[in-house]
1. Given the condition out of contact with any strand residue (DSSP E or B) (no Cβ under 9 Å at 6 or more places or on another chain) and small (Gly, Ala, Ser), answer yes or no: does some residue in the range 136-151 qualify?
2. Looking at (1) surrounded by 12 or more Cβ atoms within 10 Å (Cβ to Cβ); (2) under 23 Å from the mean Cα position of the chain (by Cα); (3) not assigned by TED's automatic domain parsing to the domain that holds THR168, which one does TRP182 not meet, given that it meets all the others?
3. Checking LYS213 against (1) under 19 Å from the mean Cα position of the chain (by Cα); (2) of a type outside the set (A, V, I, L, M); (3) closer than 21 Å to MET79 by Cβ; (4) surrounded by 20 or more Cβ atoms within 10 Å (Cβ to Cβ), only one condition comes out false. Which one?
4. Looking at the range 151-158, is at least one residue aromatic (Phe, Trp, Tyr) and assigned by TED's automatic domain parsing to the domain that holds LEU101?
5. If you go through the range 101-117 one residue at a time, do you hit one that is part of a strand (DSSP E or B) and more than 18 Å from PHE151 (Cβ to Cβ)?
6. Checking GLN96 against (1) farther than 19 Å from LEU125 by Cβ; (2) outside any loop (DSSP other than H, G, I, E, B); (3) not aromatic (Phe, Trp, Tyr): exactly one of these is not met. Which one?
7. Confirm whether PRO51 is out of contact with any Cys (no Cβ under 7 Å at 6 or more places or on another chain) and assigned to a loop (DSSP other than H, G, I, E, B).
8. So PRO194 fits all but one of (1) within 20 Å of LYS78 (Cα to Cα); (2) in the same structural domain as MET79 (by TED's automatic domain parsing); what number is the exception?
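The values are calculated or read from the model by the stated rules, or taken from the named source; none is laboratory data. Quick caveat, the model's predicted, so the values are computed rather than measured. Positions of Cβ are generated from backbone atoms using ideal geometry, with glycine treated the same way; all protein chains shown enter the neighbour counts.
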Amino acid sequence: MTTHHKLLENALGALGLPEALVACALGRTNPAVFNLEAPARWYVFPPALIPLWSDGSWPTYIGYWKHWFVEREPCFVKMYVGSGLMTVEIARTCEQLMGVLAMMSISLEDGVTPQLERFATTVGLDCLDALDAQSLKTGDDPKGFVNVDLFKTLTPLQSMADGSSAYTGDFPAPANLNRKWWETSCSFEIVDQPLCLPADAELPAWFAVDVEKKPLFDDFMAAGRLDYAWLTLNSTGWSIADARQALVALQAQAGDEDFDQVVAYWLSVADLDAGGY
């Protein structure tokens with residue numbers, strides 16, 4: 001095992017992810033979708049993402065999304081690197097994530113293949129028949145997933161009806177003003193979304209593309225607002241060099257051994273030649 005793979009394994013372990021998912025991310029379990037690569041390649045991603053698979057044809061990531069220092073439920077997302085790192089919630093549980101992959105495979109292969117059956121057995125996914133039946137009605141449209149028992153509770157945002165107030169997760173739903181989502185979110189989570197804010201509210205400075213992020217980050221760190229500093233670090237406007245320094249500064253203040261593992265992994269892949277995000 002290479003050092004990079006070991007650091008990824010350590011980070012996944014620190015996040016408490018199940019062994020079946022760790023095996024997928026390390027490439028020990030072949031994905032049901034042929035064009036997904038594991039371990040994921042570096043196409044640029046912020047430290048809130050731990051990629052599980054990458055697809056170089058877009059490129060895109062499927063991965064675990066966690067906001068440290070912020071009261072947010074971690075989830076699984078798809079990130080579109082070529083679309084401003086647009087990030088969408090696709091699953092809220094490991095089982096749902098495996099269901100999403102199964103639906104991708106069923107759509108690409110026009111049905112359940114022997115490889116998908118082996119994958120499902122390996123990761124403990126036991127609803128292939130229900131997923132296959134739903135695919136005949138709505139294809140791989142995430143809005144149709146809610147008709148499968150696996151997605152009926154803890155339904156991910158991408159599978160909710162647009163503007164639905166029934167969503168119970170923490171991913172920002174800008175059309176839903178039941179909570180102040182803008183105070184616990186970053187810019188990549190609202191790319192290409194219509195924003196509805198109360199008249200007395202405004203987006204925090206880290207969402208603004210014309211605000212220099214490093215000085216803003218430094219101000220939040222000086223004020224002891226690790227949450228706002230983190231959200232700033234995970235919004236657009238960073239060089240990789242500055243982001244690396246900022247992440248190390250956060251690490252020094254956090255004093256969290258689990259966070260240390262995530263930092264070590266991100267620093268191992270964050271290539272300076274990538275420029276920034």
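1. yes
2. (3)
3. With (1) under 19 Å from the mean Cα position of the chain (by Cα); (2) of a type outside the set (A, V, I, L, M); (3) closer than 21 Å to MET79 by Cβ; (4) surrounded by 20 or more Cβ atoms within 10 Å (Cβ to Cβ) applied to LYS213, the lone miss is (1).
4. yes
5. Checking the range 101-117: not a single residue is part of a strand (DSSP E or B) and more than 18 Å from PHE151 (Cβ to Cβ).
6. (1)
7. no
8. (2)
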